[in-house]
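Undergrad: Encoded as structure tokens, here's the structure I'll be asking about.
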Amino acid sequence: MKVTCLQENLARGLSIVSRAVATRSTLPVLGNVYMATENGRLRLSATNLELGITCWIGAKTEEDGSTTVPSRTFVDLINTLPNDQVEMDLSVRTQVLNVRSGPYTNDIKCIDAQEFPPMLPPDLDGGITISAEDLKEMIGHVVFAASHDDARPVLTGVLVTMENGEMTMAAADGFRLSVRTAHLSTPDATMTKSIIPSRAMSELARILGDGDETVTMILPPDRGQVVFRTKSIEVVSQLIEGSYPDFQSIIPKSYETRAMVNTTAFLKACKAADIFARESAHSARLRMVPGPGGTVEVSATAAETGSNQTVVEATVEGNPIEIAFNVRFLVDVLNAVGTPNIYLETTSSSSPGLIRAAGRDDFLHVIMPMHLGK
């Protein structure tokens, strides 16, 4: 293998795929990045057997070939090289990769590419196409609500359902639930349900760039995997087996009190309350007062620190109510919602609260109440 590429492109490609490198594994090759010439481009791949990421970058190829390079060594080296051309030449017999750029000459000991786990075939059929921007936004609306507790593996994933030309994403951890829907440009008549690890979804959202217009999502039959492909990136993840809870049953169907409040003002009030709510499991009180000068009052008290109270102007309809929520959860959803205003709907102090994005009907968030105390 003899190939030349720009340092900037190689560093960017390595930053994308290196997040999938196995940090602890009995297989040394999983700590490496697979590198190969492919159709006039340079392919970079990494996997930990649960998540695999591939990136293709432009390159000038003199000799085709492939190898696997120690990730940490290779990434650190490329990041220190000047912003210039990088020439790489592999000795197949010794599996040593010579890397040259300007005055820098380096030899890296590699592992034969044949030891790397097999790749998915590039010509997988089927799949649905969705706007990369829409997919990134959908993931951002739900992934933060997924659980980090492996005791219930299905809740560590995002449920993706496709039916009647619509995609629905849902994530929950037992205390909150986020649901987002979108219309598909390539509707499929068959219904599919998949639970995709939240880490895979987060990584996908992180690497989807402005240049990616569409993403193709493929569920290869009988493989227990999902594939996301763009022109230059591929993310492959194992699916989580199991049955996802019926989240529709916990979404409130009515409300007694509804407040429309400015997202930014509400977010700042919640962040201020969290400073004082840390000692009490992040519990903050919300007092909603209807009327012409409606308000939402956010407050928190700490025995050792003190207390906080912020009054936010709001349009409140229905009955006055006082309810307590985990203010960290409120901060998470307000950071993600992306609209100037939100609706907060409640029924009683012991019933779930429902947050909707004002001006759109494709996103909702359910948050369970906390004990009000004294």
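Undergrad: Could you go through the stretch 216-233 and let me know if any residue there is β-branched (Val, Ile, Thr) and assigned to a loop (DSSP other than H, G, I, E, B).
TA: Scanning the stretch 216-233 turns up at least one residue that is β-branched (Val, Ile, Thr) and assigned to a loop (DSSP other than H, G, I, E, B).
Undergrad: Check the stretch 330-345 and report whether any residue there is touching a Phe, Trp or Tyr at 6+ places or on another chain (Cβ under 7 Å), of a type in the set (Ser, Thr, Tyr) and at negative phi.
TA: no
Undergrad: For residues that are loosely packed, with under 13 Cβ neighbours inside 10 Å and of a type in the set (D, E, K, R), scanning just the stretch 239-297, find the one that is farthest from residue 157 (Cα to Cα).
TA: 253
Undergrad: Does residue 69 satisfy the condition of being at pLDDT 95 or above, surrounded by fewer than 17 Cβ atoms within 10 Å (Cβ to Cβ) and not assigned by TED's automatic domain parsing to the domain that holds residue 230?
TA: Answer is no for this residue.
Undergrad: So which strands (runs of 3 or more DSSP E) stay within the stretch 252-347 end to end and still have 2 or more residues that are within 24 Å of residue 146 (Cα to Cα) and out of contact with any Pro (no Cβ under 8 Å at 6 or more places or on another chain)?
TA: 283-289, 341-346
Undergrad: May I ask you to list the residues in the stretch 351-370 that are among the small types (Gly, Ala, Ser) and under 12 Å from residue 339 (Cα atoms)?
TA: Within the stretch 351-370, 357, 358, 359 meet the criteria.
Undergrad: Within the stretch 137-172, can you find the residues that are surrounded by fewer than 18 Cβ atoms within 10 Å (Cβ to Cβ), under 25 Å from residue 46 (Cβ atoms) and in contact with a strand residue (DSSP E or B) (Cβ under 9 Å, 6 or more places away or on another chain)?
TA: Scanning the stretch 137-172 gives a single hit, 153.
Undergrad: Which residue pairs have Cβ atoms closer than 6 Å, lie 6 or more positions apart in sequence or on different chains, and pair a first residue in the stretch 233-246 that is among the charged types (D, E, K, R) with a second residue that is buried (at least 19 other Cβ atoms within 10 Å of the Cβ)?
TA: Hits for this filter: 234/54.
Undergrad: While we're on this one: Would you pick out the residues in the stretch 106-132 that are hydroxyl-bearing (Ser, Thr, Tyr) and surrounded by fewer than 16 Cβ atoms within 10 Å (Cβ to Cβ)?
TA: 129
Undergrad: Taking into account only those residues within the stretch 91-118 that are assigned to a loop (DSSP other than H, G, I, E, B) and farther than 14 Å from residue 32 by Cβ, which is nearest to the chain's Cα centre (by Cα)?
TA: 118
Undergrad: If residue 43 meets every condition in (1) among the charged types (D, E, K, R); (2) within 14 Å of residue 207 (Cα to Cα); (3) part of a strand (DSSP E or B) apart from one, which number is that one?
TA: So the condition that residue 43 fails would be (2).
Undergrad: Looking at the stretch 93-105, is at least one residue among the basic types (Lys, Arg), more than 22 Å from residue 51 (Cβ to Cβ) and surrounded by fewer than 21 Cβ atoms within 10 Å (Cβ to Cβ)?
TA: There is at least one residue in the stretch 93-105 that is among the basic types (Lys, Arg), more than 22 Å from residue 51 (Cβ to Cβ) and surrounded by fewer than 21 Cβ atoms within 10 Å (Cβ to Cβ).
Undergrad: Check whether at least one residue in the stretch 298-311 is buried (at least 21 other Cβ atoms within 10 Å of the Cβ), outside the structural domain of residue 136 (by TED's automatic domain parsing) and under 20 Å from residue 176 (Cβ atoms), and report yes or no.
TA: Checked against the condition, which is being buried (at least 21 other Cβ atoms within 10 Å of the Cβ), outside the structural domain of residue 136 (by TED's automatic domain parsing) and under 20 Å from residue 176 (Cβ atoms), the stretch 298-311 yields at least one hit.
Undergrad: Please tell me if residue 129 is modelled with pLDDT under 95 and either part of a strand (DSSP E or B) or among the hydroxyl-bearing types (Ser, Thr, Tyr) (or both).
TA: So residue 129 passes the test.
Undergrad: Same structure again: Does residue 360 meet the test of being out of contact with any Pro (no Cβ under 6 Å at 6 or more places or on another chain), of a type in the set (Lys, Arg) and at pLDDT below 95?
TA: When the stated conditions are applied, residue 360 passes them.
Undergrad: Can you pull out every residue in the stretch 49-90 that is in a helix (DSSP H, G or I) and not charged (D, E, K, R)?
TA: Of everything in the stretch 49-90, those that are in a helix (DSSP H, G or I) and not charged (D, E, K, R) turn out to be 71, 73, 74, 75, 77, 78, 79, 80.
Undergrad: Can I ask one more? Taking only pairs six or more apart or across chains, which ones have beta-carbon atoms under 7 Å, a first residue in the stretch 168-181 that is in the same structural domain as residue 155 (by TED's automatic domain parsing) and charged (D, E, K, R), and a second residue that is in a strand (DSSP E or B) and buried (at least 19 other Cβ atoms within 10 Å of the Cβ)?
TA: Close Cβ pairs satisfying both conditions: 176/365; 176/366; 176/367; 180/169; 180/363.
The values are calculated or read from the model by the stated rules, or taken from the named source; none is laboratory data. For clarity, every value in this text was computed on a predicted model and none was experimentally measured. Cβ atoms come from the backbone with ideal geometry, glycine included; neighbour counts cover every protein chain shown.
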